[in-house]
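Everything below concerns the one structure shown next.
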Amino acid sequence: MIRHRPHGSGHPYATTEDQRVPARPMDGEAVELRVRASANVVAVVCEWTADEGAPVELPLARRDTDAGAGAGANASAGAGVGGGHLATAQARAARAAAGSWSVRTPVLRAGHRYAYRFRASMTDGASRTSRWFEVSAARWSDVGGKLNVGGADRVVPGSVRWLADGDGVLRVRFEVALGPDEHAVGFGERFDAVDQRGRELDAVVFEQYKGQGRHGRTYLPMPFALVVGGAASWGWHVETSRRTWYDVGASEPGRVLIEAEVGPGGELGVRFYDGDGPADVLQGFLGDVGRPAELPSWVFRLWASGNEWNTQERVLAEMDRHREHGIPLGALVIEAWSDETTFTAFRGAEYQQSEEPHRLADYTFPQDGPWPDPKGMVDELHRRDVKVLLWQIPLQKTRPHPRHQAAVDARQLVERGYGVREPDGRPYRNRGWWFPLALMPDLSAQEVRDWWTAKRRYLVEEVGIDGFKTDGGEHAWGHDLRYADGRDGAAGNGLFPVHYARAFGDLLRSCGKPPVTFSRAGFTGSQPHGAFWAGDEDSTWEAFRSSIRAGITASACGIVYWGWDLAGFSGEVPGAELYLRAAGASAFMPIMQYHSEFNHHRTPIRDRTPWNIAAQTGDERVIPVFRRLVELRERLVPYLAEQARAAIGGKPLMRGLFFDHPHDPNVWRHPLQYKLGDALLVAPVTEPDISEVTVYLPEGEWVDVWTGAALPGGREVTLPATALDRPPVLCTAEHWPRLSPVFADFAD
């Protein structure tokens, strides 16, 4: 058998072994046609025709698909990164690329249509022929579509160009001017840089497992940017959920080149915002796409989790360790709680399958099982003043073949047409490497959101769960998928994580609870839906720096509640210095939480608990320093809640210095410094073996929160950094009288 998919798997950054490369050729360009063939295929020929002329036979040759050469059929770029069970899944997917054949076509010309099919010869002498595929070449021109501009028109006259092939307009390209002192910030959550000037990037939701800063990819992109540093602040929003690209002065210093996919109508909107400062611009954008919803103050306390905490006994033991060491805790995320076939039932629970959502009384929990009393456990945690969140994934697994309740859920999803669909109407099956071939509920439809969350309602109403970790959200690949709201994959895939978090937030609200979701993926419109974390990263100093950039840039797009897996969640446990420096920075971020990846229960364990870090490193400072930082964090909760409330209609909670000092060119020389609310300036120590740091103080009067020393601004100062429990933090003199009691017992 042979297989050819012109656009491959839909992976945005890698080609597959069965696709056309490039999938959309340009005028004057030849293409490589690839097919996957079974082992009993001995020869493959392409029949190629132009404008319905006589076919020309092009013989295919076997491709070298040595592992790692081309990111295989389901592989995610970055599969070479080691560590953790997710990396194992990536490597397994990459090795699947085998049995590939290819041929290079003649040059294609715009204005002509080409068709091709494949004929395979088998070892038994039989022959198999594929269906016909069509393709045409695209070229850029001055006409073709319509660009709708809102706000002050900043599009450079004469710069609008349209890309079209035989099927119509595909993309638009236009330019905006960038002044010599202007910096571009935003584009969603960005790990590689705060200021994107001089760089090229795109905006597409993608699950880059670790190394996001090196690859320039993100879970949470947005086609929105702030421009800061000129006479006035301004920004733009490309009003689309389709893929966009940006050359921010990389090719031409004074220009931003914006390119975007367009829909069948050939129209695209771009809105420009102007304001007295970055906050005005941001608020104009949020007025169009949705403002954050206020979350309860408990989200600002310490969060804890570990992917191997997979029994009630283990969970309570870790909670006991918190109490034993006097480390306050506000929230617990339990990842390994479910049967991982339904993501609705606790592992080990006994119950009858049902067409209707279950209630707690439908379950029996064996006393010798992993979760003998989930409600009793949650009640106990609530007595300890700890909130509980459960892990979710927006897929219905089909491998291994679903049984029991999972089979019922999968059948309902298919029979009711509740899944995201392929162009021919078949249910879409996940093309990524994580949970491959799983079905995907179409959460663009209210009916499907209600059906999906109804199966989890008992967890909130009866078990008492306080929120959900809405993991994943990046599994929709393919420009031609179909959604119930009428969008195709090109327009709908990026919105999937928005619908996903929204669905669980609505569930929580309907049960009388705040909409606390914890997501890593998102897009424009994610701002009103819960909290976010930076996703999967190793325990390295590089990842530490990347994650700070991610927090600053996400906040510049209106994400208020943001955090990261402090010191990373994957690989070898971090050293004591990295762990405590990361904890010190996290104590001054919107969300402070630690987490660790599944490691097959091998020893030594890789939990990121302070006691495990202390045990693994042999460093006696870890637990007492971590305790002091968390105690300080507890004192900061009222301030954080107050400032988050203000951020909903004003400046972000965690924000780059440029928000408060847009005309100060020196702030760009210190991109990892940030403000936490109106009062605090944080300068994380992100390099090992540092005894002092250079901190830039913008204009104004500042106070070192640890010494009480007054420091005039408008200059760089050198601060000591030897004390791991005292990360460099300063307070504006204006706010110091009310915040000094927070630091009183910690000061010199």
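Every read-out reported here was derived from the displayed coordinates using simple, explicitly stated rules and does not represent laboratory data. Only a predicted model underlies this, so the values are computations on that prediction, with no experimental measurement involved. So basically every Cβ, Gly included, is an ideal-geometry build from the backbone, and we count neighbours across all protein chains shown.
Overview of values
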read-out: Highest average packing first - 364-372, 8-16, 612-620, Cβ atoms within 10 Å; value: 8-16, 612-620, 364-372
read-out: Acute angle (nearest 10 degrees) that the helix 84-94 long axis makes with the longest principal axis of the chain, alpha-carbon atoms; value: 10 degrees
read-out: On Cα atoms only, tilt of 541-555 relative to the major axis of the chain in degrees; value: 90 degrees
read-out: Nearest-ten-degree value, helix 622-647 long axis tilted from longest Cα axis of the chain; value: 70 degrees
read-out: Residues MET1, MET377, MET222, MET122 arranged by fewest to most Cβ contacts within 10 Å; value: MET1, MET122, MET377, MET222
read-out: Semi-axes of the equivalent ellipsoid for the range 140-275, Cα gyration tensor, largest first, Å; value: 23, 20, 13
read-out: Cβ crowding within 10 Å averaged over residues, with 45-52, 485-492, 708-715 ranked highest first; value: 485-492, 45-52, 708-715
read-out: Cα-based Rg / Dmax (Å) for the range 654-746; value: 12.5, 37
read-out: Among beta bridges that DSSP assigns inside the range 140-275, antiparallel share in %, nearest 5; value: 90 percent
read-out: Selection from VAL156, VAL143, ALA193 lying farthest towards where the dipole of the range 140-275 points positive, charges on Cβ; value: ALA193
read-out: Cβ charges +1 (Lys, Arg) and -1 (Asp, Glu), total dipole of the chain, debye; value: 1640 debye
read-out: All-pairs Cα distance distribution in the range 297-647, expressed in whole percent, bin size 20 Å; value: 30, 59, 11, 0
